[in-house]
1. Return the total of residues in the stretch 342-360 being in contact with an Asp or Glu (Cβ under 9 Å, 6 or more places away or on another chain) and in a helix (DSSP H, G or I).
2. Checking residue 268 against (1) over 22 Å from residue 358 (Cβ atoms); (2) out of contact with any Leu (no Cβ under 9 Å at 6 or more places or on another chain); (3) more than 16 Å from ligand 1 (Cβ to nearest atom), which single condition isn't satisfied?
3. What helices (runs of 4 or more DSSP H) completely inside the stretch 34-121 contain at least 3 residues that are modelled with pLDDT under 95 and under 30 Å from residue 215 (Cβ atoms)?
4. So, in the stretch 300-322, of the ones that are among the charged types (D, E, K, R) and not in a loop (DSSP other than H, G, I, E, B), which residue ends up farthest from ligand 1 (Cβ to nearest atom)?
5. Among residues belonging to the stretch 274-291 that are crowded, with 19+ Cβ neighbours inside 10 Å and more than 13 Å from ligand 2 (Cβ to nearest atom), point out the one that is nearest to residue 83 (Cα to Cα).
6. Of everything in the stretch 308-333, what is out of contact with any strand residue (DSSP E or B) (no Cβ under 6 Å at 6 or more places or on another chain) and over 12 Å from residue 358 (Cα atoms)? Give them in sequence order.
7. Could we say that residue 195 is touching a strand residue (DSSP E or B) at 6+ places or on another chain (Cβ under 8 Å), modelled with pLDDT of 95 or more, at negative phi and surrounded by fewer than 22 Cβ atoms within 10 Å (Cβ to Cβ) here?
8. I'm trying to understand the selection: among the residues of the stretch 243-273, which are of a type in the set (S, T, N, Q), more than 16 Å from ligand 2 (Cβ to nearest atom) and assigned to a loop (DSSP other than H, G, I, E, B)?
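The values are calculated or read from the model by the stated rules, or taken from the named source; none is laboratory data. Because the structure is predicted, anything quoted here is derived from the model rather than measured. Note that we place each Cβ from the backbone using ideal geometry, even for glycine, and neighbour counts take in every protein chain shown.
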Amino acid sequence: MTEQHRFEFLGSDVVFDPAVVEPPSFIERDFPVTSLALDVSGTCNMNCIYCAESSTMPQRAVISNTILEKALDSFFSWSSGVLSIHVGSGEPLLNPSAVRTIGRRAREYEASTESTRISLHLTTNGTAFTGEVVNWLREDNWVIKISLDGNSRIHNHNRKDRQGRGTYERIENYVRALCDIPSFSTTSVLCHETDPAEVFYAISALGVQNIELVPVAVEYPSNLSLDEEDILNYKRFVAEYVKRIAEGESMPRLIRFMKKLQRVLGFGISRVPCGAGRNFLAVGPHGEFYPCFRFVGLDQYRLGDLTHGIGRERTREFALTAGRPYDARETCGKCWAAPLCGGPCFACSQLLFYRNGEPSPDYCGLVRADCEAAVWLAQTLRDEAPERLVELAGIHLGDL
Ligand code: SF4
Ligand code: SF4
């Protein structure tokens, strides 16, 4: 465990003791699979300047109805309780009938059992939306996340279709229209020299209430990666964001920051960033299992298949190597923010960056900026407005 972290924030001296929120040691076991990702289209209709998938994942086939149904049957037979299904690799809405099937089957299954609740998560570039598609997504209560990199200028520079045309104007009205769904969110990739404040406030002006900003994930070296000046810009942005919240302003939720705030309060702390390869698996087009959607098609990370079941030896091996907890990573072992961070994305640290499971400095720079801002905000509101702090962090007192 690292020592106390002392830092200056908005004119105050702040001390954070990581030991206070240190998660218990990770005990590996055969976790029940409660989250499933389905690679339904295997492809994308865009040509974004930073596409991580196209640099790390092979060409994939479209999932067949037989495999899709078999995957859903297996998932429902393995698991009960609180489950989730995710589509987000490639562009899922290039195979709308598969997404529709997943929604229908999930809601039918839920209605047939009292013990299971299923959340459905779609990440999309939004270009395949039609009024009809949006209607059935709403009907089946999908949690929708659209990739949107900011205003028209930034988005159209980054996110072009195969013909090289920007896509902002095609999705803008859908983004506005979906803002009435409380769970609706956007995700924006921050590249070198992108102003996070410009991105955040442009998206907020559309009415979006949940905004995710993520650093670009690319192979190193890359002129798209964030440098120290970009990290400083992000620090200034997040400091202004928490200052406005502390002054009582209502702001859209900055998703990754809010997770850090919850962890400062002791909620959701873990030595891994996600359940990939443990309680979360992805299914490839031929029914193969992988740790998550970013590993689909990579044989080295194959963890079994629908016919033979989950390969427990392979999942154990993944948990000890690419999926190891943060305390088994050299950089994270020395990082004061580790309990608030949970460690790097397994896929990004293994397939991109240095390809050795270590995180990238720009990713860590953004994480630590969020963590310092979260520690400051928690300390400020704890004294002045504790109920607001709990509400902001999305903690329901009745659940405690
Ligand atoms: S990924 Fe970076 S910020 Fe997160 S724990 Fe590891 S070193 Fe710290
Ligand atoms: S490994 Fe990375 S991409 Fe996969 S689920 Fe975890 S955080 Fe997400």
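1. Looking only at that region, the number is 2.
2. (3)
3. Where helices (runs of 4 or more DSSP H) fall fully within the stretch 34-121 and carry at least 3 residues being modelled with pLDDT under 95 and under 30 Å from residue 215 (Cβ atoms), they are 52-56.
4. Here the residue is 305.
5. 283
6. The answer is 308, 309, 312, 313, 314, 315, 316, 317, 318, 319, 320.
7. Criteria not met by residue 195.
8. Passing the criteria: only 250.
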